[in-house]
Amino acid sequence: MQQEFDNAAVRGIWDFDFLPDGEHIVSLGTDGALRTYSCKTGVQVSSMYMGDTHWYHMRVSPDGRWIALW
């Protein structure tokens with residue numbers, strides 16, 4: 001299955017991971033924001049700006065409660 005996500009290519013993505021529900025993906029953008037997308041529709045469902053620190057990698061915990069940035 002291939003899905004295009006809203007504006008992901010325009011913004012740029014450093015890293016991404018799937019949420020444990022298998023229905024959402026979280027991306028870490030080059031603009032410092034975490035964004036959650038629906039895998040089914042590709043529509044962004046939430047976002048959070050992570051400040052001026054430059055993060056390049058991320059992982060979602062197995063239970064989906066935490067996101068590690070480094």
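The values are calculated or read from the model by the stated rules, or taken from the named source; none is laboratory data. On a predicted model such as this, the values are computed, not experimentally measured, just so you know. Remember, those area values only see protein heavy atoms, side chains included, never the ligands or the DNA or RNA. Shrake-Rupley method; radii C 1.70, N 1.55, O 1.52, S 1.80 Å.
Below, the figures for the structure above:
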| read-out | value |
| --- | --- |
| List Y49, Y37, ordered by accessible area with a 1.4 Å probe, largest first | Y49, Y37 |
| Contour excess over end-to-end distance, with Cα ends at T41 and F18 and 0.36 nm allotted per residue | 6.8 nm |
